[in-house]
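Below you will find the structure I want to go over with you.
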Amino acid sequence: MFCLSLLEHTFRLPAELVALPLPQSIRGELEKLFLDKVIPNLGLCISVYDIRSIEGGLIWPGEGSPTYKVTFRLVMFRPFMGEILVGNVKRLDKDGLQVSLGFFEDVHIPANLFPQPSRFMEDGTWEWDWDGNEQYIYHFEKIRFRVHTVEYPTIPIDQKANAKPFAPMEIIGTIHDDGLGPVSWWED
Amino acid sequence: MHTYYFRDEQKALVMFRCTTISYAYARIEANAGNLTNFEVLDFLRSRGATKLGSAAPSECKVFDYLEQTAAANQSRESIAEFLKRSEKYDLTKAEKLQTINLRPTTPVAVYVIIEECGQRFDDEQVSEFAEMVEEVLPGPPANSGAMEVDQPSQ
């Protein structure tokens, strides 16, 4: 689910932070720049793990504070394809499920990746007909799913007024196999 | 608005919710190592995620999620013991990582994690593995039934 990414970034330290100890102010700036943001193909940045090197410190002409080149590692949330994750069902509709992981909410399980035959009931739950036994998916239930794809859509230039809010990172999950789906389905 | 002087750096888009900010930064190594949930939890604990105000809200959300999983009660010793005992099964790195993160204690859960489980192991070996996992890796906290989810406003 999590991995480290090594990055290098050159940036100017704001003048008001120059008085603080250098590692602390650099870390603060890196957190402001990267924390809780999605980097395409690298995932969601959870935290700054460590700072490998700080170089530079020159003040360029026309600027009032030093510029540093910093090499550092970030803890990234980037599940691999085929990984099993556990989350809570956040929303059910006729197109499928939306699952929340607390810190990450854009997980969708489309209806075509459900075990078949399933159907959406009027009371807002999903029903799976397993050889005559009906199994249900309810709201807020703990659900185990496999990552099908991780997509990083590009930012739309125009967005309709009532369109879904843009999500820079989306996980499409599947519950089509044995052992996947609500955890309560598979407990003895 | 900062001006950056960049040479040979890869320009990329860093997106935050609905705002886009463009930075110029270089990625040296996209994958510098996988982390188990336990390692991330340990790291967040050392950053002070248990106390309010020491860590960022996003770090606290990840901390709250991980505290509900099996990682909350794990230790380096239990993970080292598991790695030693699982050597004979010849698992891939991804399978070992997922086993540590998810702690499968039933054959069904083991089948989900291990690829081509039916071809590589017979039923007895799968049950043996599930029992070993239950014995070596500590269980998740008792109240992990329902994780906190923001109620949707409807």
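The values are calculated or read from the model by the stated rules, or taken from the named source; none is laboratory data. The model shown is predicted, which means the values in this text are computed figures rather than measured ones. Neighbour counts run over all protein chains shown; Cβ positions are idealised from the backbone, glycine included.
Could you list, ordered by first residue, the pairs with Cβ atoms under 7 Å in which the first is in the range A:1-15 and under 30 Å from B:Glu95 (Cα atoms) and the second is part of a loop (DSSP other than H, G, I, E, B) and of a type in the set (Gly, Ala, Ser), at least 6 apart or interchain?
Taking only residues 6 or more apart or on different chains, the pairs are A:Cys3/B:Gly33; A:Leu4/B:Ala32; A:Leu4/B:Gly33; A:Ser5/B:Ala30; A:Ser5/B:Ala32; A:Leu6/B:Ala32.
Moving on to the next point. Step by step: first the residues of the range A:101-136, then only those that are within 16 Å of A:His148 (Cα to Cα) and assigned to a strand (DSSP E or B), then the one that is farthest from the other protein chains (Cβ to nearest Cβ). Which residue is that?
Of everything passing the filter in the range A:101-136, A:Pro110 is farthest from the other protein chains (Cβ to nearest Cβ).
Still on this structure, I have one more. So is B:Leu83 loosely packed, with under 15 Cβ neighbours inside 10 Å, under 17 Å from the mean Cα position of the chain (by Cα) and at negative phi or not?
So B:Leu83 passes the test.
Which of the residues belonging to the range B:48-67 are within 7 Å of chain A (Cβ to nearest Cβ) and either out of contact with any Cys (no Cβ under 9 Å at 6 or more places or on another chain) or of a type in the set (Phe, Trp, Tyr) (or both)?
Initially, the range B:48-67 is screened for residues within 7 Å of chain A (Cβ to nearest Cβ), giving B:56, B:58-59, B:61-62, B:64-65.
Answer for the range B:48-67, where residues must be within 7 Å of chain A (Cβ to nearest Cβ) and either out of contact with any Cys (no Cβ under 9 Å at 6 or more places or on another chain) or of a type in the set (Phe, Trp, Tyr) (or both): B:Ala56, B:Glu59, B:Lys61, B:Val62, B:Asp64, B:Tyr65.
Across the range A:1-52, which residue is nearest to the other protein chains (Cβ to nearest Cβ) among those that are hydrophobic (A, V, I, L, M, F, W, C), surrounded by fewer than 18 Cβ atoms within 10 Å (Cβ to Cβ) and part of a loop (DSSP other than H, G, I, E, B)?
A:Val18
Next question. Report, by residue number, each residue of the range A:68-85 that is surrounded by fewer than 19 Cβ atoms within 10 Å (Cβ to Cβ), at the interface with another protein chain (Cβ under 8 Å from one of its Cβ atoms) and assigned to a strand (DSSP E or B).
Listed by number, the list holds a single entry, A:Thr71.
Further question on the same structure: Just checking, how many residues over the range A:86-96 are more than 8 Å from chain B (Cβ to nearest Cβ), modelled with pLDDT under 90 and part of a strand (DSSP E or B)?
3
Per-residue answers, yes or no, for (1) within 13 Å of chain A (Cβ to nearest Cβ); (2) within 21 Å of A:Val147 (Cα to Cα); (3) of a type in the set (Ser, Thr, Tyr):
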site: B:Glu87; (1), (2), (3): no, no, no
site: B:Thr92; (1), (2), (3): yes, yes, yes
site: B:Leu97; (1), (2), (3): yes, yes, no
site: B:Pro104; (1), (2), (3): yes, yes, no
site: B:Val110; (1), (2), (3): yes, yes, no
site: B:Cys117; (1), (2), (3): yes, yes, no
site: B:Arg120; (1), (2), (3): no, no, no
site: B:Glu128; (1), (2), (3): no, no, no
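Might you check whether a residue that is under 25 Å from B:Phe129 (Cβ atoms), modelled with pLDDT under 90 and within 11 Å of chain A (Cβ to nearest Cβ) occurs anywhere in the range B:22-34?
First, the residues of the range B:22-34 that are under 25 Å from B:Phe129 (Cβ atoms): B:34.
Remaining after also requiring modelled with pLDDT under 90: none.
No, the range B:22-34 contains no residue that is under 25 Å from B:Phe129 (Cβ atoms), modelled with pLDDT under 90 and within 11 Å of chain A (Cβ to nearest Cβ).
Is there any pair linking a residue in the range A:151-172 that is surrounded by 10 or more Cβ atoms within 10 Å (Cβ to Cβ) to one that is among the hydroxyl-bearing types (Ser, Thr, Tyr) and modelled with pLDDT under 80, with Cβ under 9 Å and at least six apart or on different chains, and which?
A:Ile155/B:Thr20; A:Pro168/B:Thr20
Run down A:Leu22, A:Leu30, A:Leu13 and say which single residue is in contact with a His (Cβ under 8 Å, 6 or more places away or on another chain) and farther than 18 Å from A:Tyr152 by Cβ. Quick ask: steps written out before the conclusion?
Details: A:Leu22 fails: in contact with a His (Cβ under 8 Å, 6 or more places away or on another chain); A:Leu13 fails: in contact with a His (Cβ under 8 Å, 6 or more places away or on another chain).
Of the residues listed, the single one that is in contact with a His (Cβ under 8 Å, 6 or more places away or on another chain) and farther than 18 Å from A:Tyr152 by Cβ is A:Leu30.
Exactly one condition in (1) surrounded by 15 or more Cβ atoms within 10 Å (Cβ to Cβ); (2) at pLDDT 90 or above; (3) part of a strand (DSSP E or B) is not met by A:Glu55; state its number.
It is condition (1) that A:Glu55 fails.
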